[in-house]
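Computed from the coordinates by the stated procedures, all read-outs in this text should not be read as laboratory data. Nothing here was measured: the structure is a model prediction, and the numbers come from that model. Here the Cβ positions follow ideal geometry from the backbone for every residue, glycine too, while neighbour counts run over all protein chains shown.
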């Protein structure tokens, strides 16, 4: 019996070493050589300090900054362990809101955000990504239309010409991949870092 099992265990051990150790280590080594930045999380450094990742959004606040799309990530409420509290862009808890299109809470939140943005920007409509969350809650990009919607607020807060901010958005807009995949988009972290370099105030 043992003679019959020995080849099985040898094969199991060999494949475990090959697929569980050799293969992952080889791929990790190739990635570190070929694409070290991406292999290590596409981290963004400023003056030797990591300020974020190009792959994960951040909760930028304040009138002087471009804001990302809403995030539905939550965390345990420190006041009530049985409940949850909003924790925008919490990468450890990536998730959507799970609220369906008939959810009153979702409809009211989207309506309130839409009206607030309309009043702030003085427009009649707002782009969808300005008031809806992504499935992960961590989307680092916004549409160029949403970025332009924020120009009036940022220009007033920083005392910059709107044309300057428009040019910044154009310079940081990434087109469709391969010319037809996805939609044009702007990485909010990149845009805000460029804004900080333009106007350090």
Order of 10-19, 45-54 by packing, highest average Cβ count within 10 Å first? 45-54, 10-19
Using alpha-carbon coordinates, inclination of helix 23-34 to the longest axis of the chain, degrees: 40
For the pair residue 193 and residue 45, how long in nm is the line joining their label points, each one 7 Å along Cα→Cβ? 1.1
If I fit a long axis through the Cα atoms of helix 2-17 and take the longest principal axis of the Cα atoms of the chain, what angle between them do I get, 0 to 90°, rounded to 10? 30
Please give the contour-minus-distance gain from residue 95 to residue 120: 0.36 nm per residue of separation, less the Cα-Cα distance, rounded to one decimal in nm. 6.1 nm
Hey, what did segment 42-198 get for relative contact order, percent, Cα under 8 Å, at least 6 apart? 25
According to a simple spin-label model (label point 7 Å from Cα along Cα-to-Cβ), what is the distance in nm between residue 23 and residue 104? 5.2
Please determine, in degrees from 0 to 90 and to the nearest 10, the orientation of helix 188-198 with respect to the longest principal axis defined by the Cα atoms of the chain, where the helix direction is its Cα long axis. 50
